[in-house]
């Protein structure tokens, strides 16, 4: 049992050592960024707040986008699930066959 | 008809929102069915709707992350996602992608690589299409031979079996991938994902189009598991891509959310359709999608080669892609309806 775990650990260490040059190569110089500013003058309410957030902090804007996308995805997914289950489709099993 | 247009707060343009929903449904169906992000289909569609190119890619990736999440959830419940395999492959994909992207930047400093990249992409697509249809032909031959011999063929039997040779490489650590039904060296999926990630990085694509056949033919996943596991990877890389593009200020979340409304329905339809279509049905449809993608690239190359007819070739390419998306999503949709009807009728009969 312990030997198997040691083998697994050695294998993983070997794997990381072999992949390390890839990480170093990946740390090259990046392309120059172009700054785009959102025009919030004609916006109101939520849209204005969203546009202003974009102009003020791309970091917060990115963090919110990355959090919102999965949440919205899950919400829409659950709704679509409910509709399909209501139609009577079995959404929990399938037959694995190639032909 | 102003109500049919929604103002994009960041890009500053008015977009026809039903178009975004229809596009979302189409690519959602295809993505859920084949296990790919489908950036090559979405970007021309967003362009037609009047989206500035600077925001088209970021918005596409953001919606792709959400859509893949929905499809992965559904595939996961069907048992089509091998999370262990997906996570291991992620290591190779990320490293390979970054190495490929850095390589392109290095090549760009030497000269214009755009044309070389397009030719490379074309060769790769032709090879994938050839591989898929050779496999289908080989499988049919095997079936006929089995029929003649009076033997029943295994349900999971395939035409091309390269993975069996690759599974003989026993370099530790050896890992058992339960859902995929594979026992092999962890190095095999890492090496293959590095290779597919590297190619995706060079070509500047998400990689689902390459990873899906690689999972089938080299790793040895059953088609349905390849689709689900690939989507799991698309979901994670999509979230990472959405974060980086958004940080660069290139994502229009409002458009991504509108597209997600359609994509959430489409992804479910595409995923559920895999329940009613056998592995080789998915492979044949995938081969056709690859041919369509290759044809659109040929048209783009012709447009570059003959500037006089550029508009004609570019428009034909866009029409071809959108036509392909419509035809394939309609085919998958009707197959899903047919299968669901039969399933419901069978259950009622019991």
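The values are calculated or read from the model by the stated rules, or taken from the named source; none is laboratory data. Since we're looking at a predicted model, the values are computed, not measured. Neighbour counts are summed over all protein chains in view; Cβ atoms, including those assigned to glycine, are modelled from backbone coordinates with ideal geometry.
Points worth noting:
- Residues considered: B:117, B:136, B:113, B:151. Of these, the only one that is modelled with pLDDT of 90 or more and farther than 26 Å from residue B:187 by Cβ is B:136.
- Screening the candidates B:120, B:49, B:110, B:115 for the property of being without any contact (Cβ under 8 Å) to a residue 40 or more places away in the chain and either at positive phi or surrounded by fewer than 16 Cβ atoms within 10 Å (Cβ to Cβ) (or both) yields one hit, B:110.
- Put simply, of B:304, B:342, B:348, B:338 the only residue that is modelled with pLDDT under 85 and either within 14 Å of another protein chain (Cβ to nearest Cβ) or outside any helix (DSSP H, G or I) (or both) is B:348.
- Among (1) in a helix (DSSP H, G or I); (2) in contact with a helix residue (DSSP H, G or I) (Cβ under 6 Å, 6 or more places away or on another chain); (3) over 29 Å from residue B:305 (Cβ atoms) - the single one residue B:101 does not satisfy: (3)
- Region B:246-257, subset within 8 Å of chain A (Cβ to nearest Cβ) and in a helix (DSSP H, G or I), residue surrounded by the fewest Cβ atoms within 10 Å (Cβ to Cβ): B:247
- Test result for residue B:70, more than 15 Å from residue B:253 (Cβ to Cβ), in a helix (DSSP H, G or I), touching a strand residue (DSSP E or B) at 6+ places or on another chain (Cβ under 9 Å) and within 11 Å of chain A (Cβ to nearest Cβ): no
- Cβ pairs under 8 Å, 6+ apart, first in region A:75-99 and within 7 Å of another protein chain (Cβ to nearest Cβ) and closer than 16 Å to residue B:339 by Cα, second surrounded by 13 or more Cβ atoms within 10 Å (Cβ to Cβ) and modelled with pLDDT under 75: A:96/B:155; A:96/B:156; A:97/B:155; A:97/B:156; A:99/B:153; A:99/B:155
- With respect to (1) part of a helix (DSSP H, G or I); (2) crowded, with 17+ Cβ neighbours inside 10 Å; (3) in contact (Cβ under 8 Å) with a residue 12 or more places away in the chain, the lone exception for residue B:243 is condition (3).
- Residue match in region B:188-199 (condition: at pLDDT 90 or above, touching a strand residue (DSSP E or B) at 6+ places or on another chain (Cβ under 9 Å), within 13 Å of chain A (Cβ to nearest Cβ) and under 25 Å from residue B:271 (Cα atoms)): yes
One line per residue, one yes/no per condition, for (1) touching a strand residue (DSSP E or B) at 6+ places or on another chain (Cβ under 6 Å); (2) outside any loop (DSSP other than H, G, I, E, B); (3) over 28 Å from residue A:54 (Cα atoms); (4) modelled with pLDDT of 90 or more:
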residue	(1), (2), (3), (4)
B:11	no, no, no, no
B:59	no, yes, no, no
B:74	no, yes, yes, no
B:81	no, no, yes, yes
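- Positions within region B:10-20 being within 12 Å of chain A (Cβ to nearest Cβ) and on the phi < 0 side of the Ramachandran plot, in sequence order: B:10, B:11, B:13, B:14
- Of all residues in region B:146-176 being outside any loop (DSSP other than H, G, I, E, B) and within 14 Å of chain A (Cβ to nearest Cβ), the one that is nearest to residue B:216 (Cα to Cα): B:163
- Taking region B:100-131 as the range and being within 21 Å of the chain's Cα centre (by Cα) and within 13 Å of another protein chain (Cβ to nearest Cβ) as the test, the residues that pass are B:100, B:101.
- Residue B:56 fulfils the conditions (1) surrounded by fewer than 24 Cβ atoms within 10 Å (Cβ to Cβ); (2) under 13 Å from the mean Cα position of the chain (by Cα) except for a single criterion, (2).
- When B:287, B:279 are checked against the criterion of being buried (at least 22 other Cβ atoms within 10 Å of the Cβ) and either modelled with pLDDT under 90 or away from chain A (no Cβ under 11 Å) (or both), a single residue qualifies: B:279.
- Residue B:195 under 22 Å from the mean Cα position of the chain (by Cα), crowded, with 21+ Cβ neighbours inside 10 Å and part of a helix (DSSP H, G or I): no
- Some residue of region B:207-217 being out of contact with any strand residue (DSSP E or B) (no Cβ under 7 Å at 6 or more places or on another chain), within 30 Å of residue B:6 (Cβ to Cβ) and in contact (Cβ under 8 Å) with a residue 60 or more places away in the chain: yes
- Candidates are the residues of region B:200-219 that are buried (at least 24 other Cβ atoms within 10 Å of the Cβ) and outside any helix (DSSP H, G or I); the one that is modelled with the lowest pLDDT is B:206.
- Yes/no for residue B:45 being in a helix (DSSP H, G or I) and within 13 Å of another protein chain (Cβ to nearest Cβ): no
- Within the set B:7, B:63, the sole residue that is surrounded by 23 or more Cβ atoms within 10 Å (Cβ to Cβ) and either within 11 Å of another protein chain (Cβ to nearest Cβ) or without any contact (Cβ under 8 Å) to a residue 40 or more places away in the chain (or both) turns out to be B:63.
- Per the conditions (1) more than 18 Å from residue B:343 (Cβ to Cβ); (2) within 7 Å of chain B (Cβ to nearest Cβ), the sole criterion not satisfied by residue A:37 is (2).
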